[in-house]
Each structure stands twice: as C-alpha cells, then as structure tokens.
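Asker: I have a structure I would like to understand better, so I am pasting it below and will then ask my questions one at a time.
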Amino acid sequence: MVGGKETVFSAMQPYLELMGKNIVHIGNNGDGQVCKIANQIVVALTLAGVSEALVLASKAGADPAKVRQALLGGFAQSKILEVHGERMLKRTFAPGFRVRLHQKDLNIALQTGRELGVSLPNTALVQELLSAVSADAAQTLIAPY
C-alpha cells in the first residue's frame, strides 16, 4: 500500500519487496494511507460480522463449526472467517491486535470521512463497540474486588 510518485515507487520497489510480498502502488502521496485505512475498516467490520454470525448460529442451535465450514465455501468466505472464525470456535481470545490500535485506525478513518464529507456509519458503530470493550476492560482492571 504505497502512495507517491511512480518514479520514486519504482526506485524503492526492490527495497519494499525485501519487507513484504504484496507491494501495490496505490497512487499519489497519501493514497497508501487511505488504502491502509480502508483495510482496517474491512478487517474491523468483518470481525464484527463473523462474531455475530457465529453467535447467532450457536444460539439458534446450529453447529457453529459447520456453519463456518459452509460459509467458507460460499460468498462469505474470507481470511477473517477462516482464521478468526476458527479462533472464535476454539474460544481462543488471546489478543493478536490491541483494541486501542483498532480504535486509532478507525478514528483516522472516521476523521478522513468527516474531512471528505463521507458518512461511515458501520465504521462508527464498530468504533463504539471497541469503546465499550475498552471501557469494560478498564473497569475490570480497576475494580476493588
């Protein structure tokens, strides 16, 4: 996710390839940052959707592992469903990415949306969910008992 002049990108590409595999020149200065924020929106919102879908399946009496398996073979297939859906099924909730970093990224997305006059209601909703998680964690850490 690289923004900048094509000539600079071309000169730097061999070095970038030492650090990663999927090197894409997005466009002008700042466009790489926009792509990064778009990525974080997709990740955060997809995590929320996968978790809701598996909870619904479980509460309805369906086997969430089989629901996940079926979804992986259809249009809902995603790396998030594959990797994080498996973690959810195994109830492995060790953090892999800090909530505050998701919040930071979504705040940047929401600020960018405001600056561009673009409404991001689903991003705002997931940001509120992350704020609730943070508040709950903080409360738990300072509880006197």
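Asker: Considering each residue of the range 63-114, count those that are outside any helix (DSSP H, G or I), open to solvent by 70 Å² or more (accessible area, probe 1.4 Å), closer than 21 Å to D136 by Cβ and not basic (K, R), and give that number.
Answerer: 4
Asker: Contact list please: Cβ distance under 7 Å, first residue in the range 23-45 and free of Cβ contacts under 8 Å to residues at least 24 places away in the same chain and open to solvent by less than 70 Å² (accessible area, probe 1.4 Å), second residue assigned to a helix (DSSP H, G or I) and polar (S, T, N, Q), pairs at least six apart or on different chains.
Answerer: Pairs that qualify, where the first residue is free of Cβ contacts under 8 Å to residues at least 24 places away in the same chain and open to solvent by less than 70 Å² (accessible area, probe 1.4 Å) and the partner is assigned to a helix (DSSP H, G or I) and polar (S, T, N, Q), are I23/Q13.
Asker: When you look at S51, is it more than 30 Å from G113 (Cα to Cα) and surrounded by 15 or more Cβ atoms within 10 Å (Cβ to Cβ), yes or no? Spell out how you get there, then give the answer.
Answerer: Numbers: more than 30 Å from G113 (Cα to Cα): no; surrounded by 15 or more Cβ atoms within 10 Å (Cβ to Cβ): yes.
Spelling it out, it is not the case that S51 is more than 30 Å from G113 (Cα to Cα) and surrounded by 15 or more Cβ atoms within 10 Å (Cβ to Cβ).
Asker: Which of the residues spanning the range 58-98 are of a type in the set (G, A, S) and farther than 30 Å from S134 by Cα?
Answerer: Going residue by residue through the range 58-98, those that are of a type in the set (G, A, S) are 58, 60-62, 65, 70, 73-74, 76, 78, 85, 94, 96.
Within the range 58-98, G61, A62, A70, G73, G74 qualify.
Asker: Which of the numbered conditions does D63 fail, given that it passes all the others? Conditions: (1) in contact (Cβ under 8 Å) with a residue 12 or more places away in the chain; (2) touching a helix residue (DSSP H, G or I) at 6+ places or on another chain (Cβ under 9 Å).
Answerer: (1)
Asker: Here's a follow-up. Just give me the residues in the range 101-145 being modelled with pLDDT under 85 and within 16 Å of L47 (Cβ to Cβ), in sequence order.
Answerer: At the first step, the residues of the range 101-145 found to be modelled with pLDDT under 85 are 133-145.
Matches in the range 101-145: V133, S134.
Asker: Being over 24 Å from L54 (Cα atoms) and assigned to a helix (DSSP H, G or I) is the filter here, so list the residues in the range 115-126 that pass it. Explain how you work it out, then say what you get.
Answerer: Initial filter on the range 115-126 (over 24 Å from L54 (Cα atoms)): 115-120.
Matches in the range 115-126: E115, L116.
The values are calculated or read from the model by the stated rules, or taken from the named source; none is laboratory data. Given the structure is predicted, the values throughout are model-derived calculations rather than measurements. Reconstructed Cβ throughout: ideal geometry from the backbone, glycine too, with neighbour counts over all protein chains shown. These accessible areas exclude ligands, DNA and RNA; they are computed on the full protein's heavy atoms, side chains included. Shrake-Rupley method; radii C 1.70, N 1.55, O 1.52, S 1.80 Å.
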